[in-house]
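Remarks on the structure that follows.
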2 protein chains.
Amino acid sequence: MKVTVNVSNRHIHLTKEHIETLFGSGYALTEQKKLMQPHQFAANETLTVAGPRNEVSGVRIVGPERTQTQIEMTVSDVRYLGIKAPLRLSGDLEGSGAAVLKGPKGTVELKEGAIVAKRHIHISQKDADVMNLKDGDAVSVKMGGERALTYENTVIRIDEKNAGPECHLDIEEANAALIKNGDKADIIK
Amino acid sequence: MKVTVNVSNRHIHLTKEHIETLFGSGYALTEQKKLMQPHQFAANETLTVAGPRNEVSGVRIVGPERTQTQIEMTVSDVRYLGIKAPLRLSGDLEGSGAAVLKGPKGTVELKEGAIVAKRHIHISQKDADVMNLKDGDAVSVKMGGERALTYENTVIRIDEKNAGPECHLDIEEANAALIKNGDKADIIK
């Protein structure tokens, strides 16, 4: 089965409370552009992420607001910042990395929330049934081209809102295969 | 067959002439630390690499001097700089990318020399014979772990000076698999 690749660079999801701490009371994120995932948008707003070793400025916020603040960074970013961020699926934040967010109106010291995103595939129940896959299964994703490679351990997430099938990779994973956003790959069971 | 992984971050190789243009007449590179490859060293000296869009400072020089100046950058770097650098084996520079090198004493405008390194394996003739491989063949390299993956199109280079077997990856390729320098992988024919 073919899957569309969706490539993420470093980004941040924020709670309403943290948006207000960082940008001021009553502040709401503004949309720069819609993303491939339904209802998600890249915001005009960016933040600085700081760790014990360095900081990275201009990190894009992805809206809308969420129930937990989450920072998704690459392995290179994590090393540069000097933080400890585990490989996790989005939303699985217990015991994840600490980092500081700096905005124009305030600062948030997160005890956890920083992760390196674990690659995964959003897929409808119907498409999953075709391949006899269930939520949480791991499959491989095969990319062609000059830097052809096969990603193993790619987690299946049954998702009717973002029925894809759509494979989410971070920018380093994508560059390792010279993949661009929207490219097609093959799911291999 | 097992292979040791050698991970490269962005770096520069320089000719004697360019060392003198960038650092001054009669200048010689100084050794910071030896690298895995025989006779190669990370120099104390760094340069700024500039493209039409941005520049990256602190790019490490790898010595000793070579007969051609070569800039090896990641896909992310190339995009950030705004240059065009093709995927190439080291030394295959005809028609490769243009970029500007800025040193403390001068500047070099390179018409070609910037590449994204093509992954490859240094191996002795004897080990290549065991797997019935010849120079230029492509094999796959399989990594285990949480971000397990298999790199296809990995070029065999028969090399008695660096007999390995040693697989050279750039930092984005390595991070895509959570590989560290010195980790072991499997060569698959």
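The values are calculated or read from the model by the stated rules, or taken from the named source; none is laboratory data. Note that the coordinates shown come from a computational prediction; the quantities given were computed from them, not determined experimentally. Cβ atoms come from the backbone with ideal geometry, glycine included; neighbour counts cover every protein chain shown. All accessible areas refer to the heavy atoms of the entire protein, side chains included, with ligands and DNA or RNA removed. Shrake-Rupley method; radii C 1.70, N 1.55, O 1.52, S 1.80 Å.
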Next item on the list: Hey, can you tell me all the residues within the range B:56-70 that are among the charged types (D, E, K, R) and either in a loop (DSSP other than H, G, I, E, B) or surrounded by fewer than 16 Cβ atoms within 10 Å (Cβ to Cβ) (or both)?
Entry: B:Glu65, B:Arg66
Check: Checking A:Ala42 against (1) open to solvent by 20 Å² or more (accessible area, probe 1.4 Å); (2) of a type outside the set (Asp, Glu); (3) not in a loop (DSSP other than H, G, I, E, B), which single condition isn't satisfied?
Finding: (1)
Next item on the list: Name, by its number, the condition in (1) within 14 Å of another protein chain (Cβ to nearest Cβ); (2) closer than 16 Å to A:Val3 by Cα; (3) over 17 Å from the mean Cα position of the chain (by Cα); (4) open to solvent by 20 Å² or more (accessible area, probe 1.4 Å) that does not hold for A:Lys180.
Entry: (3)
Next item on the list: Can you work out which of the residues in the range A:109-132 that are touching a Lys or Arg at 6+ places or on another chain (Cβ under 9 Å) and open to solvent by 10 Å² or more (accessible area, probe 1.4 Å) is nearest to the other protein chains (Cβ to nearest Cβ)?
Entry: A:Lys118
Checklist line | Residues satisfying the stated conditions in the range A:74-99, i.e. touching a strand residue (DSSP E or B) at 6+ places or on another chain (Cβ under 9 Å), open to solvent by 40 Å² or more (accessible area, probe 1.4 Å) and more than 22 Å from A:Asn153 (Cα to Cα) | finding: A:Tyr80, A:Ala98
Margin query: It is to be established whether one or more residues within the range B:167-177 are closer than 20 Å to B:Ser90 by Cα, more than 10 Å from every other protein chain (Cβ to nearest Cβ) and within 18 Å of the chain's Cα centre (by Cα).
Written below: yes
Notebook entry, point to check: Quick check: anything in the range A:36-53 aromatic (Phe, Trp, Tyr) and closer than 25 Å to A:Arg119 by Cα?
Noted result: yes
Note to self: Would you confirm whether or not the range A:3-25 contains a residue that is within 14 Å of another protein chain (Cβ to nearest Cβ) and loosely packed, with under 15 Cβ neighbours inside 10 Å?
What the structure shows: no
Next item on the list: Please tell me if A:Asp186 is at pLDDT 95 or above, assigned to a loop (DSSP other than H, G, I, E, B) and surrounded by fewer than 16 Cβ atoms within 10 Å (Cβ to Cβ).
Entry: no
Next item on the list: Determine, yes or no, whether A:Glu173 is closer than 22 Å to B:Val141 by Cα and buried (at least 18 other Cβ atoms within 10 Å of the Cβ).
Entry: yes
Next item on the list: Identify all residues within the range A:140-166 that are more than 12 Å from chain B (Cβ to nearest Cβ) and out of contact with any Asp or Glu (no Cβ under 8 Å at 6 or more places or on another chain); write none if there are none.
Entry: A:Asp159, A:Glu160, A:Lys161, A:Asn162, A:Glu166
Checklist line | Test: residue in the range B:26-37 that is open to solvent by less than 10 Å² (accessible area, probe 1.4 Å) and either out of contact with any Pro (no Cβ under 8 Å at 6 or more places or on another chain) or not assigned by TED's automatic domain parsing to the domain that holds B:Gly136 (or both) | finding: no
Checklist line | Hey, B:Lys102 out of contact with any Lys or Arg (no Cβ under 9 Å at 6 or more places or on another chain), farther than 30 Å from B:Thr4 by Cα and of a type in the set (Lys, Arg) or not | finding: yes
Note to self: All but one of (1) more than 27 Å from B:Val78 (Cα to Cα); (2) at pLDDT 95 or above hold for B:Glu173; state the number of the condition that does not hold.
What the structure shows: (1)
